[in-house]
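The values are calculated or read from the model by the stated rules, or taken from the named source; none is laboratory data. All values reported here derive from a predicted model rather than from experimental measurement. Neighbour counts are summed over all protein chains in view; Cβ atoms, including those assigned to glycine, are modelled from backbone coordinates with ideal geometry.
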Amino acid sequence: MSRRVRKAVFPVAGMGTRFLPATKTMPKEMLPVVDKPLIQYAVEEASDAGIDHFIFITGRGKQPLLDHFDHMPELEALLKERGNVTILNSLLRAKPQPGTIYSTRQQQPLGLGHAVWCARAFIGDEPFAVLLPDDLVQASSPCIGQLMDVHRETGGNVVAVENVALEDTSKYGILDVVEDDGRLARAKGLVEKPASSDAPSTMAIIGRYVLEPGIFDALERVQRGSGGEIQLTDAMNHMIGTTPMHGLRYEGRRYDCGDKVGFLEANVSYALRRPEMRARVERMLEDILSGLRE
Ligand code: G1P
């Protein structure tokens with residue numbers, strides 16, 4: 001049995017250049033899917049999985065992310081006065097217990113591995129979760145919780161995986177698989193963003209990880225990799241041989257909200273799942289499509 005995962009790291013220092021100009025002064029993690037920002041989906045996923053400490057690895061201009069998880073007394077008083085309980089409760093849900101949200105600045109954009117390394121003092125010597133808010137996962141049971149269940153049995157590093165098209169391997173960390181029971185795969189190697197001709201498989205890491213604290217040592221040892229950055233994938237690869245490395249085909253559906261079409265898809269899909277919006281959204285989609293056909 002492995003130790004319980006209590007802490008989650010949210011790397012949120014990225015500049016969001018793909019969504020400019022929308023993200024010129026607003027962190028990309030504040031982009032809303034229907035009415036909730038991406039960061040809140042990620043924090044709620046971790047919290048629903050039983051995680052109770054959250055660290056944001058931020059950069060310049062990311063203060064709104066921290067403000068989002070704080071009280072806003074004037075707004076709360078106004079909603080209370082107007083009796084708008086539903087909206088008030090939705091605001092209060094975004095407010096974790098005092099003393100459970102932390103942040104540190106990455107200072108330099110040296111990659112995902114470096115961002116995670118910045119959390120080393122906060123994490124200490126225990127396994128922990130990493131969630132990339134760009135990857136939004138719709139699931140009946142929180143994706144990170146599914147990884148935590150596997151980690152309890154296997155220990156080691158566990159990542160969420162899905163099979164991608166061969167031409168897309170260069171967008172992901174890819175597993176070199178040695179055993180695969182159709183749900184859980186054990187890896188003998190990992191490669192960050194290989195060209196399709198060099199990819200050991202099409203099994204790609206999506207942005208959910210449960211990591212052993214040994215990752216911090218590994219991160220100090222790895223050289224800069226893909227894109228000249230310190231890569232988390234390379235550090236996990238470095239640990240193979242001494243630390244089990246598993247990929248879980250999680251149950252659920254991922255939306256790549258770092259991509260414009262993926263983000264739009266998430267909005268449509270989440271809106272269609274809202275009973276009060278569904279009929280109108282269906283009609284809207286039909287109208288748009290028939291308008292295009294005319
Ligand atoms: C990061 C990781 C990559 C992983 C991906 C999942 O890449 O480096 O291994 O597959 O997230 O979204 P990024 O999308 O930040 O370039």
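Points worth noting:
- Filtering the stretch 35-42 for residues that are surrounded by fewer than 17 Cβ atoms within 10 Å (Cβ to Cβ), among the small types (Gly, Ala, Ser) and within 22 Å of the chain's Cα centre (by Cα) leaves an empty set.
- Within the stretch 198-232, restricting attention to residues that are part of a helix (DSSP H, G or I) and among the hydrophobic types (A, V, I, L, M, F, W, C), the residue that is farthest from the ligand (Cβ to nearest atom) is Phe216.
- Subset of the stretch 172-189 that is within 13 Å of the ligand (Cβ to nearest atom) and closer than 19 Å to Gly225 by Cα - its residue that is farthest from the chain's Cα centre (by Cα): Leu175
- Test result for Val178, touching a residue at least 24 places away in the same chain (Cβ under 8 Å) and β-branched (Val, Ile, Thr): no
- Members of the stretch 217-243 found to be more than 15 Å from Leu110 (Cα to Cα), touching a residue at least 24 places away in the same chain (Cβ under 8 Å) and hydrophobic (A, V, I, L, M, F, W, C), listed by number: Met236, Met239, Ile240
- Some residue of the stretch 24-39 being under 30 Å from Pro244 (Cα atoms), modelled with pLDDT of 95 or more and in contact with a Phe, Trp or Tyr (Cβ under 8 Å, 6 or more places away or on another chain): yes
- At least 1 residues being touching a helix residue (DSSP H, G or I) at 6+ places or on another chain (Cβ under 7 Å) and within 16 Å of the ligand (Cβ to nearest atom) is the threshold, and among the helices (runs of 4 or more DSSP H) wholly inside the stretch 74-150 those reaching it are 112-117.
- Residue tally, condition β-branched (Val, Ile, Thr) and closer than 22 Å to Leu38 by Cα, over the stretch 63-95: 2
- Complete set of residues in the stretch 178-197 that are of a type in the set (D, E, K, R), assigned to a strand (DSSP E or B) and more than 13 Å from Thr243 (Cβ to Cβ): Glu179, Asp180, Glu192
- Considering each residue of the stretch 20-43 in turn, none proves to be in contact with a helix residue (DSSP H, G or I) (Cβ under 6 Å, 6 or more places away or on another chain), over 27 Å from Gly99 (Cβ atoms) and of a type in the set (Gly, Ala, Ser).
- Search result, residues across the stretch 256-271 that are within 11 Å of the ligand (Cβ to nearest atom) and either farther than 19 Å from Ile206 by Cα or not in a helix (DSSP H, G or I) (or both): Asp256, Cys257, Gly258, Asp259
- Only a single item in (1) within 23 Å of Gln146 (Cβ to Cβ); (2) more than 9 Å from the ligand (Cβ to nearest atom) is not met by Thr169, and it is number (1).
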